[in-house]
Each structure stands twice: as structure tokens, then as C-alpha cells.
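Colleague: Below is a structure I'd like to ask you about.
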Amino acid sequence: MIRYMYAGEGLDGFVRRGSSYPREFHSKLFRDMLRIRLIEEEIERRYHEDQMKTPIHLVIGQEATSVGCCAALTNDDLLYSSHRTHGNYLAKGGNLQSMLCEMFCRANGCVGSRGGSMHLIDKRVGMAGTSAIVAGAIPIATGAALAAKLKRAAHATVVFFGEAATEEGACSESLNFAALKQLPLVFFCENNFYSVQSPLWTRQPSRSLRKWAEGFGLPAVEVDGMNVLAVYEASRDAVERARNGGGPTFIEAVCYRYRGHGGSGDDTRTGYRAQDERDAWDSLDPLSLHFQYLRGAGLLSDVDREEMRSEIMTEVLEAFDFASASPNPVEGDLYSHVYAE
Amino acid sequence: MPWDEGLVNSLVYDAPDRSEGRVLGYAGAIREALDLALAADPGVFVLGQGVDDPGSMFGTTKGLHEKFGRDRVFDTPLSEEGMMGACAGAAMNGMRPVYMHNRPDFILLAMNQLVTHASKFHFMDNGQTTVPMVVWAAIGRGWGSGAQHSQAIQGILLGVPGIKIVMPSTPFDAKGLMLAAIADNNPVLIFEHRWLMRKDGIVPEGAYTVQIGKGIHRRRGQDLTIVGASHAIELALTAANKVAAEGIEADVIDLRTIKPLDVEIIGESVKRTGRLLVVDTGWSMGGVCAEIGCLAAERWLEHLKAPVRRIGLPDIPTPAGFTLEQFYYPNVERMSAVIRGLVREQSAVSVP
């Protein structure tokens with residue numbers, strides 16, 4: 001039984017929007033998504049080797065949300081995120097080698113082997129913080145936006161979270177406060193219908209998350225999270241509103257997690273979601289849809305795509321080699337940064 | 001009379017000697033610290049439910065919103081977790097929030113953001129971020145504060161890495177430790193005690209800090225060591241002065257800060273006196289008393305002439321009724337009795 005049906009426009013959604021953007025823009029979005037996909041697949045392929053001793057939460061199927069949103073951000077804008085960080089970190093410009101070193105628990109990981117896959121942070125590119133508690137980063141991002149407002153800074157802050165975060169009080173408290181203080185903040189909710197293996201129907205009454213968010217007194221939009229252009233446009237509008245003093249926005253991006261909650265592989269067979277539902281979303285792959293449009297519009301050929309793939313794979317394999325050859329931390333490293341000076 | 005004003009106003013403390021300097025009340029000393037910090041650093045802001053109301057957090061924030069504006073001194077929604085996280089997020093981005101609560105009980109709503117987030121970011125991101133924030137609350141006692149408005153939660157937080165816990169006992173320390181806490185680049189919790197809010201003391205004008213992590217002798221003696229902080233050490237000092245008439249001379253150490261703990265000052269004294277009484281405003285079990293008692297067993301056992309004693313709260317929720325409260329809380333008489341007993345006691349430990 002298909003409980004969660006795709007309600008977007010499919011390819012039509014690309015056709016309707018696509019001509020507004022130059023080839024370079026399209027090509028960058030597609031390449032960024034493909035890069036995340038290939039990195040995730042390589043991580044997944046090697047995970048059983050047990051060299052990456054870290055819980056992983058793959059974003060395969062959800063590349064369009066990170067890439068579409070980050071296309072609307074500059075390096076100065078801040079992004080906070082949850083446990084599912086890979087897409088956010090890479091799309092925001094986080095260094096691939098530092099990410100893989102972190103996954104391999106090496107001393108030169110992006111946070112010195114203190115975070116692992118759930119805490120990919122690189123403040124130099126505005127990847128400002130993550131939390132492994134579902135709504136944990138939302139109040140933090142709210143405070144970051146409060147600081148920006150008090151300092152009259154020009155940047156926007158975005159916080160990514162899954163739909164289950166809306167069930168924790170901290171999310172409601174943050175929406176209320178952000179609306180009250182008109183903070184320059186974008187609440188980016190990826191609704192993929194599942195929290196670990198708990199489907200939405202066991203957790204929330206049947207209602208629109210967009211309308212729920214509007215009840216806090218801030219603008220809210222629902223977008224097709226499988227369409228990178230739709231995500232980009234909603235993010236761009238929200239970020240502009242934040243930068244221009246228009247306050248916070250709630251974006252609900254409807255998307256689908258192709259893999260299990262954590263680890264490698266698809267766990268649909270365990271029965272928490274129906275196989276036909278899972279299969280139905282396959283045809284809506286955010287990369288395939290965008291590529292189908294690009295090929296149809298004469299913007300990208302199969303050959304172009306293969307060139308991209310091969311370029312990216314060279315980079316990815318080099319980064320894996322670099323990570324696996326990097327040094328482990330030493331015992332003394334444990335004792336630093338417990339307290340700040 | 002709102003809440004426990006009458007009770008707190010009726011408490012009698014020794015008047016400070018005015019020849020030693022300017023006399024200021026406890027709440028006024030905290031207010032002065034906040035005033036100085038707000039004026040000195042545009043990154044400082046003060047928030048909390050009621051910081052701009054007529055009660056103004058026992059007077060500690062009185063008029064500050066008028067002087068510095070409501071962007072920097074503001075009332076909050078009753079969203080303890082959300083606001084605690086917002087403080088952490090602001091602190092991670094160049095601000096120095098001071099988040100004030102009437103009672104520590106309310107901080108329990110924010111444990112996720114305090115314990116799982118604010119205290120750990122600096123470590124988790126390998127030092128990329130600092131989280132300079134102050135969380136302030138006044139422990140309640142008496143007049144029906146009861147099980148949910150009197151909790152002294154410092155023991156629960158003592159084992160959390162990455163935070164500091166400050167517990168002043170004098171107006172001088174309240175001001176100096178508040179200024180030190182605001183200047184500190186870590187999350188610092190300040191647990192005041194409601195019963196100290198009307199105590200007067202000598203408080204110098206202008207900015208000064210009291211070092212976090214260092215205790216101070218309030219009394220010198222050789223017969224036993226009494227160690228603790230906040231209102232517990234205030235009571236213990238009164239008891240120590242009382243038993244001095246009987247020839248018992250106590251070494252009384254006000255820790256000022258319970259995390260980081262000044263192990264050195266305790267150790268020096270215990271090695272000298274051989275007897276240790278630990279006092280705390282919180283539960284004895286698993287708290288400050290238990291930790292310091294354990295330290296004595298680990299490090300100074302061969303110096304002990306008697307078993308370590310502790311006076312905290314029993315493993316019971318606070319009753320609200322007046323009579324039961326009298327049984328529940330330590331007082332000067334009970335502390336004096338324990339001190340006499342401890343000094344008389346011979347070592348239960350056989351030392352080779």
C-alpha cells in the first residue's frame with residue numbers, strides 16, 4: 001500500500017521553471033547533487049570494511065534539498081543541521097577530505113575525530129553546527145539568528161531538520177520566538193515521512209505541516225523536495241526575506257529517504273514501509289528528473305554526465321585514499337577543548 | 001506579601017563594618033555587575049522571565065531595560081529549552097547572554113540544551129566554537145516553596161563536563177563572580193540562594209572579578225575542616241562561630257565555585273585538621289557532599305582522624321508545609337551538633 005504518495009509536478013515542475021536559469025546554473029546544481037550521490041554511494045560501498053567506525057545517515061534521495069537550498073546561500077550565511085549531515089556539509093562547501101578523515105576517525109578530520117558523521121562542522125564555510133538530538137539544532141540556530149539581528153549582520157541562518165523535529169517542544173518554542181523577534185532565520189523541514197522506522201501516521205495527526213507552522217505567525221511554504229529548482233526558489237525567497245528584515249520562514253520540502261535511517265542499504269523489506277511505496281518514489285529520483293529535463297532541453301548530454309561522473313570519482317577516490325592514510329589521534333588529543341581558555 | 005518576601009526580609013545577618021568600604025545589598029551587587037557588563041561589552045545581553053517586571057528578579061535587574069533598551073534586556077516566552085538553546089546559539093556567534101531564572105527548577109526544562117548542547121559544542125567541534133554564556137538562578141527555601149520551587153540541582157550538574165558552577169555567599173563574591181562568569185568563555189551556571197538576597201556586604205565600586213575555581217577561608221582553625229558554598233557555608237560559619245565559644249576551632253572554606261573544584265584548598269586543610277564536614281544546599285546523595293567525601297577517601301584517608309560527615313538534604317523531596325520544612329532543612333543548631341560530634345569522634349579508620 002502506498003501511504004505516502006508523491007504530490008509534486010514531476011518533470012513538469014522542471015519544464016515550468018527550467019528556462020529561467022542559465023546552463024551553468026543548472027549544470028552546477030546537477031553536478032553538486034551527483035557529487036553528493038557518488039560520495040554517499042562510495043561510503044555505503046565501503047562501510048562494511050569497518051574502517052569508518054561512525055554511525056552514518058545517508059542522504060541518497062534527498063540531495064535536492066541541500067543543493068537547492070545552499071544554491072541560495074553565500075559563504076557568510078550560516079547552516080545548522082541534524083544527524084543527517086553529509087548533504088548539508090558538502091552543499092555548503094565543506095571540504096571532502098576533512099569529511100572523510102572525520103568518518104575514518106582521523107586526527108585531521110573536520111572536528112578532530114570528536115564528531116564523526118553526525119557532526120560535520122566547518123565554520124570557515126558557514127557549516128556552523130549540528131545536533132544528534134532531533135530538534136536540538138533548532139534553538140541553536142535561533143540563537144545564531146538572534147545574534148545576527150542584535151549585531152545587525154547581513155547574513156541569513158538556515159536550520160535543517162526532519163519532520164519528526166516538529167514533534168519536539170524545542171521546535172515549537174523556536175518558531176514562536178523567531179516569529180516574535182522577527183529573526184533572520186529559515187526553518188528548513190525535510191519531510192521524508194519516516195523517523196527511523198516510525199511512519200508519520202503513528203506520530204502526527206493527518207494535517208499540513210505548512211499550516212501547522214503558519215499558526216506560529218510566520219510565512220510557510222510547501223515545496224517539492226525532489227525538485228532542486230523548486231527548493232532553490234523557495235530558499236531564495238526565504239533567504240531574501242531574512243536578509244531584508246522580513247523575519248523567519250518555514251519551508252516544508254517533501255522528499256523521500258531511499259535508504260534506511262542509519263547504516264548502509266535500504267531496509268524497506270523489514271516492513272515498516274511498503275515496497276510499492278518505495279518503488280514508486282524511485283521514478284522521482286531528484287537526479288534523474290533534473291537530468292531528464294536537462295537532456296530534453298539540450299543543456300546536458302549523456303557524455304557530459306559521464307565526464308562529470310568520472311571527474312568526481314577521481315576526486316572521491318583520492319579523498320578516500322587520503323583519509324585512510326591519515327594519522328589517528330593520540331591520547332593527548334582527548335584532553336583539549338573541554339573548556340575554552 | 002508576594003511569595004517569600006516577608007520571610008527573606010526577616011532574616012538577620014551581621015551588619016558589615018562600614019569603615020571597611022561601601023555597603024551594598026546582595027541583589028544590588030548583582031545588579032551592579034550586570035550594569036557594568038552591559039555597559040562595557042555590547043555583546044552582553046540579559047534575558048529571562050520577568051527581568052523587566054516590577055519584581056525584576058529580586059531586584060537584580062531593576063531598571064536595566066530602561067538603561068540599555070529592550071533589545072539587550074528582555075522578558076522571554078516560557079520556553080526554557082528553546083531559550084537555553086538560543087543563548088547557546090547566540091554565544092556561539094559572538095554574544096555573551098546572561099539567562100536568568102527565578103528558580104533552578106526551571107533549568108530542568110532546559111537540560112537538553114544545557115547538558116547535551118551548550119556544554120559540549122566547544123569539545124565537539126574541536127575548539128572552533130566557544131559558548132560564553134551565564135545561566136543564573138536562585139535556590140528557594142521555605143515559605144511553602146515545596147518540592148518544585150526549592151530544588152538545588154547543582155549535584156545533578158556536577159558530573160557534566162564543560163560547564164562551570166558558581167555558588168556565591170557574599171555580595172562581594174556575587175558581583176565579582178558574576179563579572180568573572182560573563183567574561184568566561186564557557187557556559188557558567190550561577191546558583192544563588194534566595195535567603196542571601198537581602199544580605200549586605202562590603203562591595204567595591206567599579207569592575208572586579210573573583211576567580212572561578214578558587215575557594216577562600218572564611219575562618220581559620222585546627223580542629224576540623226568545614227567546606228561548602230552559598231547559604232550552606234553561611235549557616236556553617238554561623239555554627240562554627242557558635243562552637244568556638246566551646247573551644248572548637250573550625251577551618252571554614254567557602255568554595256565559591258563547585259566546578260571546577262578547588263581540591264588544593266580542601267586538601268591542605270583536611271591534612272591539617274584530620275576531620276571533614278561537607279555542607280551543601282542540595283541533596284547529600286550523589287551531590288557536592290558525596291563528591292568531596294569521595295575525594296577525601298581517595299586522597300587524604302591517612303590524614304583522617306574520624307569519618308567524613310556531610311550535611312546536605314535528605315534523599316526526600318522538599319515538603320511545602322512549615323513544620324515539615326523545619327525537620328527537612330539543616331539549621332545552625334543541627335550543624336553545631338554535628339560539629340561537636342565530629343570533633344569528639346575518634347578515627348574509625350585504622351592507620352598503620
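The values are calculated or read from the model by the stated rules, or taken from the named source; none is laboratory data. The model shown is predicted, which means the values in this text are computed figures rather than measured ones. So basically every Cβ, Gly included, is an ideal-geometry build from the backbone, and we count neighbours across all protein chains shown.
Colleague: Pick from the range A:164-182 the residues that are within 10 Å of another protein chain (Cβ to nearest Cβ), under 24 Å from A:ARG84 (Cβ atoms) and not charged (D, E, K, R): which of them is nearest to the chain's Cα centre (by Cα)?
Modeller: A:CYS171
Colleague: Still on this structure, please answer the following. Output the residues belonging to the range B:70-89 that are within 7 Å of chain A (Cβ to nearest Cβ) and either touching a Cys at 6+ places or on another chain (Cβ under 7 Å) or not aliphatic (A, V, I, L, M) (or both).
Modeller: Of everything in the range B:70-89, those that are within 7 Å of chain A (Cβ to nearest Cβ) and either touching a Cys at 6+ places or on another chain (Cβ under 7 Å) or not aliphatic (A, V, I, L, M) (or both) turn out to be B:ASP71, B:PRO77, B:SER79, B:GLU81, B:GLY82, B:GLY85, B:CYS87, B:GLY89.
Colleague: Right, here's the next one. Going by the structure shown, is B:ILE216 within 14 Å of chain A (Cβ to nearest Cβ), farther than 19 Å from B:LEU304 by Cβ and either in contact (Cβ under 8 Å) with a residue 12 or more places away in the chain or out of contact with any strand residue (DSSP E or B) (no Cβ under 7 Å at 6 or more places or on another chain) (or both)?
Modeller: Answer is no for this residue.
Colleague: Next question, about the same structure. Looking for something touching a strand residue (DSSP E or B) at 6+ places or on another chain (Cβ under 9 Å) and either among the aromatic types (Phe, Trp, Tyr) or at pLDDT below 95 (or both) - is there at least one such residue anywhere in the range B:153-173?
Modeller: yes
Colleague: Let me ask another. Quick one: which of B:THR225, B:THR209, B:THR129 is among the hydroxyl-bearing types (Ser, Thr, Tyr), within 14 Å of chain A (Cβ to nearest Cβ) and free of Cβ contacts under 8 Å to residues at least 60 places away in the same chain?
Modeller: Of the residues listed, the single one that is among the hydroxyl-bearing types (Ser, Thr, Tyr), within 14 Å of chain A (Cβ to nearest Cβ) and free of Cβ contacts under 8 Å to residues at least 60 places away in the same chain is B:THR129.
Colleague: Do you know which of the residues in the range B:186-231 that are touching a Phe, Trp or Tyr at 6+ places or on another chain (Cβ under 6 Å) and over 29 Å from B:ILE339 (Cβ atoms) is surrounded by the most Cβ atoms within 10 Å (Cβ to Cβ)?
Modeller: B:VAL203
Colleague: Any idea which of B:SER10, B:SER56, B:SER19 is at positive phi and either not assigned by TED's automatic domain parsing to the domain that holds B:VAL135 or not aromatic (Phe, Trp, Tyr) (or both)? Give the derivation first.
Modeller: Values: B:SER10 fails: at positive phi; B:SER19 fails: at positive phi.
When all the criteria are applied, what remains is B:SER56.
Colleague: What's the total number of residues in the range A:113-150 that are part of a helix (DSSP H, G or I), over 24 Å from A:GLY246 (Cα atoms) and within 7 Å of another protein chain (Cβ to nearest Cβ)?
Modeller: Total satisfying the criteria: 1.
Colleague: Still on this structure, I have one more. Which condition number in (1) assigned to a loop (DSSP other than H, G, I, E, B); (2) buried (at least 19 other Cβ atoms within 10 Å of the Cβ) is the one that B:ASP280 fails?
Modeller: Just one mismatch for B:ASP280, condition (1).
Colleague: Out of curiosity, is B:GLU66 under 30 Å from B:PHE322 (Cβ atoms) and free of Cβ contacts under 8 Å to residues at least 24 places away in the same chain?
Modeller: no
Colleague: Moving on. For the range B:23-95, give me every one of the helices (runs of 4 or more DSSP H) that falls completely inside it and has 1 or more residues that are out of contact with any Ser or Thr (no Cβ under 9 Å at 6 or more places or on another chain) and closer than 25 Å to A:LYS123 by Cβ.
Modeller: It comes to B:80-91.
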